[in-house]
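Undergrad: Mind looking over this structure? Questions follow.
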Amino acid sequence: MTTNSHSILGSLALGYAPMIDRQRMVTATRLTVFPLRPDARLDAGELLASVAEAWPADGGPAVLNVLSESLLQGLLASPPSANLMLELPAFMATDPAHAEALLALKKNGNTLLLKGRPLHELAAELQTCFKYVALDLEDQRANPAPVGALPKLISGLRGAEDVEAGFASGAVGVLGWPLDGAYDAPAGTAKAEIQADLQIIVQLMSQVDQGEDIDKMEATLKRDPSLAFKLLRYMNSAAFGLPVEVSSFRHAIMLLGFARLKRWLALLLTTASKDHTMRPVMYGALRRGLLLEELSKGMGDAEARDEMFICGLFSLLDHMLKQPFSRLLQSIPVPERVRQALVEQTGPYKPYLDLVQAIESESVFDYRHAAEQLMLGAEEINHALLRALAKARQLE
């Protein structure tokens, strides 16, 4: 994907989180937009042009959570495409000066989310402009009363317990992450066994790592035809960008070599879980891998790019397989620099993981600190993020 230059991306910090329904499907991505300077004059049209490269009009749904009143006013005047849902704070939704713009957005087919509980009830005709109300979990606990007839989303979540609490409150969806930090196995927990279909991928990764005969690897893969199909589907996707169609596992090795094949086996490992509660975690792992790969492009080191892709992908594998990394990576082969980042929290890739986690947590302070540690500018980071989100959408 070629990303055009948009100067506005140098004036923003971008964060993102999944929108998750009660079946734990990720139904949209919420993109949070923070101006790096509160007094900056930012152009809504330029923001929409940059976001459209990750979410074109036919590119699936996203939620824009813009933390700038002036930029929001610009978006009300220049409506986004219909696949981009716009969060509007309650104080703006109840301002009579915006009533005409809200009704025009509704007529245009735009979806609006009411952000926060209004101090007084919305007029009936304006309430119909909104599809959901998004409430912070703490606000919901303090005041569980409904907001008119609007279905409820709970935001500000970090961890599986928060997600469960959000759904227990009657929400139709949540905005946030069902994980927080590294997986911590409960005391006395026996070593978890990797499920059979994932064991095949782990075995293949070991065979690739050891440079075993292709016939042996093909025999391993044939034990699960669905995995073979999924691997070939990934390799033939637009995001992979091969010049010819891959027709077999042997063909894939001839085209890719062992090093690049290993990264796509890693992708299979992190997206093959049949546990539906892991869907948002798999969503996060894929985007971490692609974002670290995009951030590494300035290094000019193909091996480092492949390793950073695997590092990002595997950074949530402890949650998926319910094992701490110190135990998990004894059976799954990874490069030494990846092991350092995931087990020891050290090494050259750890600062990049810190940046990715700052982007996910939508924290401007952590974003600035991580970017400074890597000497990366906001424009470079934001371009990388939008490219990664677009590639993830293509793969899925």
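The values are calculated or read from the model by the stated rules, or taken from the named source; none is laboratory data. Just so we're clear, the structure is a prediction, and the values are computed from it rather than from any experiment. For neighbour counting, all protein chains shown are included, and Cβ atoms are generated from backbone atoms with ideal geometry for every residue, glycine included. These accessible areas exclude ligands, DNA and RNA; they are computed on the full protein's heavy atoms, side chains included. Shrake-Rupley method; radii C 1.70, N 1.55, O 1.52, S 1.80 Å.
Undergrad: Please state which one of MET25, MET85 is open to solvent by 10 Å² or more (accessible area, probe 1.4 Å), in contact with a strand residue (DSSP E or B) (Cβ under 6 Å, 6 or more places away or on another chain) and either touching a residue at least 12 places away in the same chain (Cβ under 8 Å) or of a type in the set (S, T, N, Q) (or both).
TA: The conditions single out MET85.
A quick yes/no check of all residues on (1) modelled with pLDDT under 95; (2) under 25 Å from the mean Cα position of the chain (by Cα):
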position: SER81; (1), (2): yes, yes
position: GLU87; (1), (2): no, yes
position: THR94; (1), (2): yes, no
position: LEU103; (1), (2): yes, no
position: GLU121; (1), (2): yes, no
position: ALA124; (1), (2): yes, no
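Undergrad: Any idea how many residues of the stretch 103-155 are in contact with an Asp or Glu (Cβ under 9 Å, 6 or more places away or on another chain), under 15 Å from ALA90 (Cβ atoms) and open to solvent by less than 30 Å² (accessible area, probe 1.4 Å)?
TA: Going through the stretch 103-155 one residue at a time, the tally reaches 7.
For every residue, the table says whether it meets (1) under 20 Å from THR29 (Cβ atoms); (2) assigned to a helix (DSSP H, G or I); (3) in contact (Cβ under 8 Å) with a residue 40 or more places away in the chain; (4) in contact with a Leu (Cβ under 6 Å, 6 or more places away or on another chain).
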{"site": "PRO79", "(1), (2), (3), (4)": "yes, no, no, yes"}
{"site": "PHE91", "(1), (2), (3), (4)": "no, yes, no, no"}
{"site": "LEU103", "(1), (2), (3), (4)": "no, yes, no, no"}
{"site": "ASN110", "(1), (2), (3), (4)": "yes, no, no, no"}
{"site": "ARG117", "(1), (2), (3), (4)": "no, no, no, no"}
{"site": "TYR132", "(1), (2), (3), (4)": "yes, no, yes, yes"}
{"site": "ASP139", "(1), (2), (3), (4)": "no, yes, no, no"}
{"site": "ALA149", "(1), (2), (3), (4)": "no, no, no, no"}
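Undergrad: I've got another one for you. Starting from the stretch 29-46, keep only residues that are of a type in the set (Val, Ile, Thr), then list their pairs with residues that are assigned to a strand (DSSP E or B) and surrounded by 12 or more Cβ atoms within 10 Å (Cβ to Cβ) whose Cβ atoms are within a distance under 6 Å, requiring at least 6 positions of separation or different chains.
TA: As it stands, the answer is THR29/TYR16; THR29/ALA62; THR32/GLY15; THR32/ASN65; VAL33/LEU12; VAL33/VAL66, since those pairs meet every condition given.
Undergrad: Limited to the stretch 309-330, what total is found for residues that are open to solvent by 50 Å² or more (accessible area, probe 1.4 Å) and touching a residue at least 40 places away in the same chain (Cβ under 8 Å)?
TA: So the count comes out to 2.
Undergrad: Condition test on SER296, is it at pLDDT 85 or above, among the hydroxyl-bearing types (Ser, Thr, Tyr) and more than 24 Å from ASP180 (Cβ to Cβ)?
TA: yes
Undergrad: Please list, ordered by first then second residue, the pairs with beta carbon atoms under 6 Å, 6 or more apart or interchain, first in the stretch 384-396 and under 15 Å from ALA28 (Cβ atoms) and open to solvent by 20 Å² or more (accessible area, probe 1.4 Å), second in a helix (DSSP H, G or I) and modelled with pLDDT of 95 or more.
TA: none
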